[in-house]
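What follows is calculated from the coordinates using simple rules that are stated; it is not laboratory data. Quantities reported herein were computed from a predicted structural model and do not represent experimental measurements. Counting neighbours? That spans all protein chains shown, and the Cβs are built from the backbone with ideal geometry, glycine included.
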Amino acid sequence: FSCNCEVCSSFKPREIQLLSKEERINKVALHNLYSIKAEVDKVKETIQEGRLWEYVIRKARSHPKLFEAIPVFTKNTTFFIETTPRFKENAIFLFSKEDQFRPEVSRFHNMVRRFKTKKRTLVIVPDGGVRPFYLSAEYNKLKKKFATKIADIQFCQYNPFLGIIPLELSDIYPAAHYLVSNTISIKEDFSAFMETWKIFLKNNTFRTIYAADDEFLRYYAKSSKVKIKFFNFKK
């Protein structure tokens, strides 16, 4: 047996078969109790580590029927927000499109959707490796590029999962506490980004928008009523 419970560690498959029916039932029941306890202990551990979402998604991917339950989680993320701590010691992991709906990310989207500024120019670029944004070389580079009108500029980063990350919120969990996969290819999958993008632009009266020239932003820029000026951020 691959299991290391008391029953599986003490018996070989053939020995279990030779037991009486009543004994086999008792041994299997004991094995099941060990398995259930091990699973409960694992869930408790992931809750303590702040990794319950990753654990549930990974488990759901282990069987097609379990995978069918994922939309139940993504469509009801508001119920998870209420019981999810606002701050955690560990960074969150962002792997696939489902993670745009995890509680910590949804809470951040809601925060950005309420964000308002009096500044009239928006500059938005992809997130980099240094967080928070205001400590990065990218931010220093942008300050020099737009030095003549910096007082009226709202600087933001973005990534497909967290959506728009205003400079002022870039040190709030989880904006500075996440690891993201760089294998995102289907830009149309990020409905949470689209919703936040529309609300953010509606709540703020930007007259000019400068955006890093990349395929992802160009796709979502189509919904903007303000003309967007794309620039080569890497130069």
Under 5 Å between amide H atoms, partner at least 5 residues away or on a different chain: which partners does F233 have, H built in plane at 1.01 Å? D213
Of all the Cα-Cα pairs you can form in region 67-172, what percent are over 21 Å apart? 42
Give, rounded to the nearest 20 debye, the magnitude of the charge dipole that the chain has about its Cα centre when Lys and Arg contribute +1 at Cβ and Asp and Glu contribute -1 at Cβ. 1360
Only Lys, Arg, Asp and Glu count, each charged at its Cβ (+1, +1, -1, -1), so figure out the dipole size of region 183-235 about its Cα centre, rounded to 20 debye. 400
Restricting to Cα atoms and excluding each atom paired with itself, what does the Kirkwood estimate give for region 30-119 in Å? 14.8
HN-Hα J in Hz across region 213-226 - Karplus 6.51, -1.76, 1.60, θ = phi - 60°, x for Gly and Pro: 7, 9, 4, 5, 5, 4, 5, 7, 5, 4, 8, 7, 7, 8
Residue among V7, N32, Q17 farthest towards the positive dipole end of region 1-49, charges placed on Cβ: Q17
Once Lys and Arg get +1 and Asp and Glu get -1 on their Cβ, which of T117, S223, N90 lies farthest toward the positive end of the dipole of region 77-231? T117
What pairs in K118/K145; K119/K145; K12/K42; K21/K44 have C-alpha atoms more than 23 Å from each other? K12/K42; K21/K44
Using only C-alpha atoms and all pairs of different ones, pull out the Kirkwood radius for region 85-235 in Å with one decimal. 15.6
Filter on K97/K149; K65/K198; K116/K234 - keep pairs with C-alpha separation over 30 Å: K97/K149; K65/K198
Return the whole-Å distance between the Cα centroid of region 47-104 and the Cα centroid of region 1-29. 35
Quick calc, region 1-140, dipole around Cα centre from Cβ unit charges on Lys, Arg (+) and Asp, Glu (-), nearest 20 debye, gives 720
With θ set to phi - 60°, apply the Karplus curve 6.51 cos²θ - 1.76 cosθ + 1.60 along region 89-102 and write out the HN-Hα couplings as whole Hz, x wherever there is a Gly or Pro. 6, 9, 6, 8, 9, 10, 9, 9, 4, 4, 6, 5, 9, 5
Within region 111-220, percent of DSSP bridges classed antiparallel, to nearest 5: 30
If R₀ is 25 angstrom, what is the calculated FRET efficiency for the pair K222 and F95, using the beta carbon separation as r and rounding to 0.05? 0.40
Which ³J(HN,Hα) values, rounded to whole Hz and listed in residue order, are derived for region 115-122 from phi using the Karplus coefficients 6.51, -1.76 and 1.60 in 6.51 cos²θ - 1.76 cosθ + 1.60 with θ = phi - 60°, glycine and proline given as x? 6, 9, 9, 8, 5, 9, 10, 10
State the cysteines of the chain left without a partner when partners are defined as other cysteines whose beta carbon lies under 4.7 Å away. C5, C156
For region 1-49, just the Cα set please: Rg and Dmax, both in angstrom. 13.3, 43
Positive end of the dipole of the chain, charges at C-beta (+1 Lys, Arg; -1 Asp, Glu), about the Cα centre: which of I209, S136, F161 has its Cα farthest in that direction? I209
